[in-house]
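So the structure is just underneath, and the comments pick up after that.
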Amino acid sequence: MSILHALPPCLLHRPDTRAKHNLQRVYPNGQGSYDEVVKNIPRWLEQFPKSSTKVTISSDDIPYIKESVLHLWGLGIKEVNINVVFEDVWKPGDDERFEDQLVGLADEIIEKKLYETYSCSFFSKMLGYPYRDNNNWCGAGKMLAVDHLGNFYPCVRFLGFSLQNRTALVLGNCFDGIDRNRLRSFLTLDMVSQSPAECIDCDVAMGCAWCQGANYDCADTATIFQRATYLCKMHKARVRANNYFWNKLGRKLGKDLRAESSGDGPGTC
Ligand code: SF4
């Protein structure tokens, strides 16, 4: 059966989000890549039917969030993993516009029963509680990146082209190996060692992510132990929309869905 035949009517012929894709994904000549990517999706899903995709949202993308998720589901991709960029690109009012988009998406998911088949990681039962552990969110130091000269970096976000304010942070190279002394600070990172008190005590901290490379780039000194918190308002907006989603879905299904989240693992929609 073709992918289109399996789609519910509400996802058929959604307006495309070419403009959103082409805001960021362009060829060197500036031309957007949407048409070429979309053309190949049916073949990709034929070969890998359970594939998921990843969406990243920046400030200019906010008006397209709801339609982007519905469009991707309409293309046959059932699992959409999505998050906001870690860079400080946010403008006043972005958090409210973000929340509006997520609430609109939540309404559509619940009204059309899309939760039965599709998932979007913006909605998670585990989101918005105080921290339950002291783990580092980010895997920098445990996912080495290697450049064309054979230099090792804690992750791709520590290469020079990823950084605005600092020079690249090299951990070694393929000739001499890893400098364990430089790696040590990454292996000691945890939540408390880099977070301000307001984050350690935050009531909605679960799911509030950070990027070690962005932290390093924005810190007052060249340290990885200073957490950047400019995503605070965006996370709180997501938490409010997430609460709206689970409360509304729970009322519809006659269950307290958040109470079910006390088990292991994330409950996502
Ligand atoms: S950045 Fe804001 S929302 Fe995130 S943990 Fe810190 S205080 Fe809480």
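The values are calculated or read from the model by the stated rules, or taken from the named source; none is laboratory data. Model, not experiment: these values are computed from the prediction. Backbone-built Cβ (ideal geometry, glycine too); neighbour counts: all protein chains shown.
Residue-by-condition table, conditions (1) surrounded by 14 or more Cβ atoms within 10 Å (Cβ to Cβ); (2) at pLDDT 95 or above:
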| residue | (1), (2) |
| --- | --- |
| 9 | no, no |
| 22 | yes, no |
| 93 | no, yes |
| 109 | yes, yes |
| 119 | yes, yes |
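Checked across the stretch 145-154, the condition of being part of a loop (DSSP other than H, G, I, E, B) and of a type in the set (D, E, K, R) holds for at least one residue.
None of 99, 87 is acidic (Asp, Glu), under 29 Å from residue 157 (Cβ atoms), buried (at least 16 other Cβ atoms within 10 Å of the Cβ) and touching an Asp or Glu at 6+ places or on another chain (Cβ under 9 Å) except 87.
Against the list (1) more than 12 Å from the ligand (Cβ to nearest atom); (2) out of contact with any helix residue (DSSP H, G or I) (no Cβ under 6 Å at 6 or more places or on another chain), the condition residue 210 fails is (1).
Residue check: residue 192 meets all listed conditions (1) among the β-branched types (Val, Ile, Thr); (2) within 15 Å of the ligand (Cβ to nearest atom); (3) in a loop (DSSP other than H, G, I, E, B) but one, namely (3). Hey, residue 76 hits all of (1) exposed (fewer than 13 other Cβ atoms within 10 Å of the Cβ); (2) more than 26 Å from residue 239 (Cβ to Cβ); (3) of a type in the set (Gly, Ala, Ser) but one; which does it fall short on? Single failed check for residue 76: (1).
Residue-level check: of (1) within 14 Å of the ligand (Cβ to nearest atom); (2) charged (D, E, K, R); (3) in contact with a Leu (Cβ under 7 Å, 6 or more places away or on another chain); (4) outside the structural domain of residue 58 (by TED's automatic domain parsing), residue 217 misses just (1).
Please work out if residue 182 is under 22 Å from the mean Cα position of the chain (by Cα) and not in a loop (DSSP other than H, G, I, E, B). Criteria not met by residue 182. Counting only helices (runs of 4 or more DSSP H) wholly contained in the stretch 1-115, the ones carrying 2 or more residues that are among the small types (Gly, Ala, Ser) occupy 65-74, 94-111.
Please indicate, with yes or no, whether at least one residue in the stretch 156-163 is part of a helix (DSSP H, G or I), over 16 Å from the mean Cα position of the chain (by Cα), of a type in the set (A, V, I, L, M, F, W, C) and outside the structural domain of residue 198 (by TED's automatic domain parsing). No, there is no match, as no residue in the stretch 156-163 is part of a helix (DSSP H, G or I), over 16 Å from the mean Cα position of the chain (by Cα), of a type in the set (A, V, I, L, M, F, W, C) and outside the structural domain of residue 198 (by TED's automatic domain parsing).
Pairing each residue of the stretch 62-74 that is without any contact (Cβ under 8 Å) to a residue 12 or more places away in the chain with any residue that is small (Gly, Ala, Ser) and buried (at least 23 other Cβ atoms within 10 Å of the Cβ), provided the two are 6+ apart or on different chains, yields no C-beta distance under 7 Å.
In summary, residue 117 fulfils each of the numbered conditions (1) in contact with a Phe, Trp or Tyr (Cβ under 9 Å, 6 or more places away or on another chain); (2) of a type in the set (S, T, N, Q); (3) farther than 19 Å from residue 14 by Cβ; (4) touching a residue at least 40 places away in the same chain (Cβ under 8 Å) with the single exception of condition (3). Residues in the stretch 229-258 that are more than 20 Å from residue 113 (Cβ to Cβ) and either more than 9 Å from the ligand (Cβ to nearest atom) or not in a loop (DSSP other than H, G, I, E, B) (or both): 10 in all.
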